[in-house]
Each structure stands twice: as C-alpha cells, then as structure tokens.
1. Counting only residues that are farther than 30 Å from PRO222 by Cβ, give me the helices (runs of 4 or more DSSP H) lying completely in the stretch 86-204 with at least 1 of them.
2. Taking the stretch 205-219, which residues are without any contact (Cβ under 8 Å) to a residue 24 or more places away in the chain and in a helix (DSSP H, G or I)?
3. Among the residues in the stretch 162-180, are any loosely packed, with under 13 Cβ neighbours inside 10 Å, touching a residue at least 12 places away in the same chain (Cβ under 8 Å) and of a type in the set (D, E, K, R)?
4. Identify the single condition in (1) touching a residue at least 24 places away in the same chain (Cβ under 8 Å); (2) out of contact with any Lys or Arg (no Cβ under 7 Å at 6 or more places or on another chain) that PRO154 does not satisfy, given that it satisfies every other one.
5. Looking at the stretch 38-46, is at least one residue loosely packed, with under 14 Cβ neighbours inside 10 Å and farther than 22 Å from ASP68 by Cβ?
6. So, of the residues in the stretch 211-223 that are farther than 13 Å from ASN163 by Cα and not charged (D, E, K, R), which turns out to be surrounded by the fewest Cβ atoms within 10 Å (Cβ to Cβ)?
7. Could you tell me whether any residue of the stretch 118-130 is modelled with pLDDT of 95 or more and within 14 Å of LEU187 (Cβ to Cβ)?
8. Quick one: count up the residues across the stretch 178-200 that are more than 19 Å from LYS129 (Cβ to Cβ) and among the aliphatic types (A, V, I, L, M).
Amino acid sequence: MLGAVFAERLETPGEEVERELRAALAEPDAAAARALLVEVGELYRFPASAAEAQRLLKIAGDAARHEDPNIAAAALRALGTTGARAAAAHVEPWLRLGKPKPEQLPIVVAAIQAAGRLRVQPVIDPLVKLARSSADGTSAEQAFLALGSFFAAPKALRVQVTNKVLEACQATSRRRARWRRQRAPALRALQMLTGRRLNSVELFAAWWKAAKTQKDPFTYRPS
C-alpha cells in the first residue's frame, strides 16, 4: 500500500490550477475563475516544464475570449503577468476591437494594461492608435500610460516608442478638447520614456530632436 502511494504521480501546482480552472470556466464560476487566473499568471513564470507553461498560456488565452467580461478581463491581467511575448497574440485583438460595446470597455482597459506589461512590438501600433483616437477617454489615457511603460524595453524599442508617442502627443495637442483630458497621461508617458520631467510637448520635441542624434539618447543632457 505504501509503495502504491509513493508510486502515484502527484499533480504539480500548475496542473492542479489548470484542472480547477477548466472546471470553473465550464460552470462558469466567475469568482473561482478570476482567482485561479491570478495563479495562472504567477505559475507561468515558474512552471514545472515548458509544456506546462504552454498549457497555462493557452488556457489564459482561451479565457480571454470568455463571454463573461469579468473572466475575460481577469484572463488578460493574467496574460500581462506572464510577461510572455506569445501572450501578445491573445491581447492584441482586444486592442484592435474598433468600437467596443459599453460592457467590453473594462476588457479593453485590461488588455491595454496587459500590453503595457508585455512591452513587445506587436502591441505598439494598436496602443498608439488608441491613444490618438479612441472615443473612450479612459482607454486613451491607459494607452498613453501603457506606452510609457516601454521605458523598461530594450533601447531600440524604447526609441521607436518615444518617436511614436511624441508624434501622438503633437497630433493630440492640436485637438484642444481632447488634449485637455489627455495632456496629463500623454506627458507622463513621455516623462516615463525619456526620464525627463519636462512639462510641454514643445519642450520634449526640442529635447528629443537633439537627444536622438546621440548614441544613447536617454542619457543626453543639454549643456
């Protein structure tokens, strides 16, 4: 009997969470699913195997399309927590939704925040489009802040995003009503990206024109 117990294969934490999450999604039990998705995001970073990591990413990606908006939003937050480049494939469709229904807006915001945590190439242009033209002010604000999170990206990607955010700020500043709402998050994004605490688009544009000619523009300080 004792030998049989030791011979029995125990589930890994990832396998246990995956099994319980599948059951919660099938119910659906939204509260249980949301709690389990938090665990999925954390467990992905320390999986028992590469295969387990792939399964955890897949179940979170599947949950991001769940009809319950609370589950979908929780899944997107989990995908952001994974930090996996492959997670962008599940996040990006929500960034490109176009005109989301009111009940979908929390999902879009969760996707924007996840994109800011992932900091990968595929989410850049959708975030810029949201920042520049989203009809939902909250989505636009969050998109600017998510782009600001690219301060932690590799230098080449950080330069690319800084160029795009500065252009988006310049375009938005010409739309007076929109700029009144977006000015704070837009300038905050530039401050995060550049490490400079300037307070106008014009000042950032003048500094960046000189800084981007340097080998490392983010260390440039005018004499």
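The values are calculated or read from the model by the stated rules, or taken from the named source; none is laboratory data. Keep in mind the model is a prediction, meaning the values are calculated, not measured. Cβ coordinates were reconstructed from backbone atoms using ideal geometry, including for glycine residues, and neighbour counts include every protein chain displayed.
1. Numbers: elements: 88-95, 105-118, 124-133, 137-148, 155-173, 176-194.
Output list reads 88-95, 105-118, 124-133, 137-148, 176-194.
2. Going through the stretch 205-219, the residues without any contact (Cβ under 8 Å) to a residue 24 or more places away in the chain turn out to be 206-207, 209-211, 213-215, 219.
If the condition is that a residue be without any contact (Cβ under 8 Å) to a residue 24 or more places away in the chain and in a helix (DSSP H, G or I), then ALA206, TRP207, LYS209, ALA210, ALA211, THR219 are the ones that fit.
3. no
4. It is condition (1) that PRO154 fails.
5. yes
6. Start the filter on the stretch 211-223 by keeping residues that are farther than 13 Å from ASN163 by Cα, which leaves 214-216, 219-223.
Cutting the leftovers down to not charged (D, E, K, R) gives us 214, 219-220, 222-223.
Numbers: GLN214: 10, THR219: 9, TYR220: 17, PRO222: 7, SER223: 2.
Only one residue tops the list, namely SER223.
7. Filtering the stretch 118-130 down to residues modelled with pLDDT of 95 or more leaves 118-130.
Add one more test, that the residue is within 14 Å of LEU187 (Cβ to Cβ), and what stays is none.
No, every residue in the stretch 118-130 fails to be modelled with pLDDT of 95 or more and within 14 Å of LEU187 (Cβ to Cβ).
8. 4
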